Amino acid sequence: MALFNTDSTEKLYRAILTLQTSEECRAFFEDLCTIRELLDMAQRFEAASLLDRKQSYQTIARSVKISTATIGRVSKCLNYGAGGYRLALDRLQEEEKTDEDNQS
């Protein structure tokens, strides 16, 4: 997606990578995004997570409160996109497994 490959987007990505804690991320994204933008991104990521767990579109639409059209777009990206959802979901699963192992 050439439209996303700009000096400005690269600078944004590098800035995000400097953030070290959830609190730092929260502060940055609260400053960067509107509440609606942040909630929309969170809903899409939650939809990706539920799709990954083989939940139906109707179940996701009810629980996340987004349209099935949005779920369809998330599904397309999850299955055929750049791999960002997959990478993030896999890393979160690894982190959760590590946390569970450390609690045992």
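Brief remarks on what is shown
- Phe4 vs. criteria aromatic (Phe, Trp, Tyr) and modelled with pLDDT under 95: yes
- Matching residues, the stretch 25-44, being of a type in the set (Phe, Trp, Tyr) and more than 15 Å from the chain's Cα centre (by Cα): Phe28
- Neighbours by Cβ (under 8 Å, 6+ apart or cross-chain): first from the stretch 5-19, surrounded by 11 or more Cβ atoms within 10 Å (Cβ to Cβ); second modelled with pLDDT of 95 or more: Ala15/Phe28; Ile16/Cys25; Ile16/Phe28; Leu19/Cys25; Leu19/Phe28
- Checking each residue in the stretch 45-70 for being free of Cβ contacts under 8 Å to residues at least 40 places away in the same chain and either under 13 Å from the mean Cα position of the chain (by Cα) or within 24 Å of Thr9 (Cβ to Cβ) (or both) picks out Glu46, Ala47, Leu50, Leu51, Asp52, Thr70.
- Residues that are touching a Leu at 6+ places or on another chain (Cβ under 9 Å) and over 25 Å from Ser22 (Cα atoms), drawn from the stretch 57-97: Tyr57, Thr59, Ile60, Ile71, Ser75, Asn79
- Search result, residues across the stretch 15-31 that are of a type in the set (S, T, N, Q) and part of a helix (DSSP H, G or I): Thr18, Ser22
The values are calculated or read from the model by the stated rules, or taken from the named source; none is laboratory data. All values derive from a computational prediction rather than experimental measurement. Positions of Cβ are backbone-derived with ideal geometry, glycine not excepted, and every protein chain shown enters the neighbour counts.
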